Amino acid sequence: MIILNTPEQIDMARFLTLRSALKLECLGMRGRSSAYAIVKSEYGFKGTKKSVLQQMEQIIKEFKEG
């Protein structure tokens with residue numbers, strides 16, 4: 001079991017969840033709400049679904065490195 005007990009860990013878990021949902025949207029899956037819209041409004045990303053996904057991947061890579 002993994003315990004997320006800091007605000008940074010919780011925020012990163014949510015970010016990773018949104019990234020997974022966005023990956024599915026890029027493949028054509030639809031749901032009740034759009035992860036793409038959530039990511040753009042909350043994190044301020046701009047661009048297409050694929051470019052936003054690439055930006056998210058870069059942030060995750062930088063988070064893991066530092």
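Filtering segment 5-16 to residues that are over 11 Å from MET56 (Cβ atoms) and either part of a helix (DSSP H, G or I) or under 11 Å from the mean Cα position of the chain (by Cα) (or both) leaves PRO7, GLU8, GLN9, ILE10, ASP11, MET12, ALA13, ARG14.
Among the residues here, ILE2 does not qualify as surrounded by fewer than 12 Cβ atoms within 10 Å (Cβ to Cβ) and touching a Leu at 6+ places or on another chain (Cβ under 8 Å).
Name every residue in segment 27-40 that is basic (Lys, Arg) and over 11 Å from the mean Cα position of the chain (by Cα), in order of residue number. Of everything in segment 27-40, those that are basic (Lys, Arg) and over 11 Å from the mean Cα position of the chain (by Cα) turn out to be ARG30, ARG32.
Within segment 1-29, the set of residues being free of Cβ contacts under 8 Å to residues at least 24 places away in the same chain and either touching a helix residue (DSSP H, G or I) at 6+ places or on another chain (Cβ under 7 Å) or closer than 12 Å to LYS49 by Cβ (or both) comprises LEU4, ALA21, LEU24, LEU27, GLY28, MET29.
For (1) outside any helix (DSSP H, G or I); (2) among the aromatic types (Phe, Trp, Tyr); (3) under 11 Å from the mean Cα position of the chain (by Cα); (4) closer than 21 Å to ILE10 by Cβ, each residue gets a yes or a no:
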site: GLU25; (1), (2), (3), (4): no, no, no, no
site: GLU42; (1), (2), (3), (4): no, no, yes, yes
site: PHE45; (1), (2), (3), (4): yes, yes, yes, yes
site: GLN54; (1), (2), (3), (4): no, no, yes, no
site: ILE59; (1), (2), (3), (4): no, no, yes, yes
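Taking SER51 as the residue in question, decide whether it is surrounded by fewer than 12 Cβ atoms within 10 Å (Cβ to Cβ) and small (Gly, Ala, Ser). Considered against the rule, which asks whether it is surrounded by fewer than 12 Cβ atoms within 10 Å (Cβ to Cβ) and small (Gly, Ala, Ser), SER51 comes out as yes. Test ALA21 against the criterion of being modelled with pLDDT of 95 or more and surrounded by 14 or more Cβ atoms within 10 Å (Cβ to Cβ), and give yes or no. So ALA21 fits the description; yes.
The values are calculated or read from the model by the stated rules, or taken from the named source; none is laboratory data. Everything numeric in this text was worked out from a predicted model, so none of it was measured. Neighbour counts run over all protein chains shown; Cβ positions are idealised from the backbone, glycine included.
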